[in-house]
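Q: Let me give you the structure first, and then I'll get to my questions.
The values are calculated or read from the model by the stated rules, or taken from the named source; none is laboratory data. This one's a predicted model, so the numbers in the text were calculated from it and none came from an experiment. Glycine gets a Cβ as well: all are built from the backbone with ideal geometry, and neighbour counts include every protein chain shown. Just so you know, the surface numbers come from the protein's heavy atoms only, side chains and all, with ligands and any DNA or RNA stripped out. Shrake-Rupley method; radii C 1.70, N 1.55, O 1.52, S 1.80 Å.
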Amino acid sequence: MKQSQSGNKLVQIIKHFKYEHPDVYEFILFNIMSNVATITNFLVLWIGTGIVFSGLSTIPFNWFIFNYGTEQGGLGGFLSFLVAYICAQIVNFIVQRKVVFSATVDVKKVLPWYIATVTVAGLISVWLPPYIIARLSPYIGNFAPTVANIVNIVIQVLINYPMMKFKIMKKENES
């Protein structure tokens with residue numbers, strides 16, 4: 001009986017906080033639910049670099065703004081970060097739309113905005129890792145790609161949350 005009462009009390013505290021601070025609650029929920037995409041991102045990154053694209057890590061990849069030498073994972077590293085980002089953003093769109101924002105606007109109306117937003121964040125997220133890896137590898141070795149991914153996730157939140165809140169994840173009557 002005590003467990004049930006304390007559980008109910010916690011629920012009441014959360015509901016009260018949500019009522020008193022809806023924007024803060026939404027931002028916290030956004031970050032908590034982003035962890036679903038974060039887990040997806042890390043799993044795909046690790047599978048990509050460790051298994052799927054591991055044979056391509058010795059091929060340097062330099063194109064446009066992207067510079068993945070063999071120390072940064074080469075073509076395999078580039079492809080792993082790219083595929084991990086795309087998979088995470090697909091998961092993130094679904095989770096944020098359903099759970100955080102309860103968006104009802106037609107997906108066709110907002111999908112171009114979402115794609116543009118994640119493309120900008122994605123370019124940064126695929127461009128930045130080799131520079132972070134190069135700087136940190138002498139100090140933290142093979143943990144550098146994970147740190148680069150953490151930096152990417154922070155950048156994505158700074159770009160994605162405002163765009164989702166104010167432009168992409170609306171209720172039908174807000175559009």
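Q: Considering only the stretch 129-137, I want to know if a residue exists there that is under 12 Å from residue 81 (Cα atoms) and among the polar types (S, T, N, Q).
A: Let us first name the residues in the stretch 129-137 that are under 12 Å from residue 81 (Cα atoms), namely 129-130.
Applying the additional criterion that residues be among the polar types (S, T, N, Q) yields none.
Scanning the stretch 129-137 turns up no residue that is under 12 Å from residue 81 (Cα atoms) and among the polar types (S, T, N, Q).
Q: Is it the case that residue 132 is assigned to a helix (DSSP H, G or I) and either at positive phi or surrounded by 15 or more Cβ atoms within 10 Å (Cβ to Cβ) (or both)?
A: On the way: assigned to a helix (DSSP H, G or I): yes; either at positive phi or surrounded by 15 or more Cβ atoms within 10 Å (Cβ to Cβ) (or both): yes.
In short, yes.
Q: State whether the residues of the stretch 151-170 include one that is open to solvent by 70 Å² or more (accessible area, probe 1.4 Å), more than 20 Å from residue 27 (Cα to Cα), part of a helix (DSSP H, G or I) and without any contact (Cβ under 8 Å) to a residue 40 or more places away in the chain.
A: no
Q: Could you list all residues from the stretch 101-117 that are open to solvent by less than 20 Å² (accessible area, probe 1.4 Å) and within 25 Å of residue 151 (Cα to Cα)? Step through it out loud before you land on a result.
A: First pass over the stretch 101-117, keeping only residues open to solvent by less than 20 Å² (accessible area, probe 1.4 Å): 101, 103, 105, 110, 114, 117.
Selection gives 101, 114, 117.
Q: Same structure again: I'd like the residue in the stretch 62-78 that is in a helix (DSSP H, G or I) and either of a type in the set (Gly, Ala, Ser) or in contact with a Ser or Thr (Cβ under 9 Å, 6 or more places away or on another chain) (or both) and, out of all such residues, is surrounded by the most Cβ atoms within 10 Å (Cβ to Cβ).
A: Step one: of the stretch 62-78, the residues in a helix (DSSP H, G or I) are 70-72, 74-78.
This time we only want the ones that are either of a type in the set (Gly, Ala, Ser) or in contact with a Ser or Thr (Cβ under 9 Å, 6 or more places away or on another chain) (or both), so: 70-72, 74-77.
Values: 70: 14, 71: 15, 72: 25, 74: 21, 75: 20, 76: 23, 77: 29.
Selected residue: 77.
Q: For the stretch 121-133, indicate whether the set of residues that are touching a residue at least 60 places away in the same chain (Cβ under 8 Å) and of a type in the set (Gly, Ala, Ser) is non-empty.
A: No, the stretch 121-133 has no match at all.
Q: How many residues are modelled with pLDDT under 90, under 24 Å from residue 44 (Cβ atoms) and not aliphatic (A, V, I, L, M) if we restrict to the stretch 145-173?
A: The number of residues fulfilling the criteria is 6.
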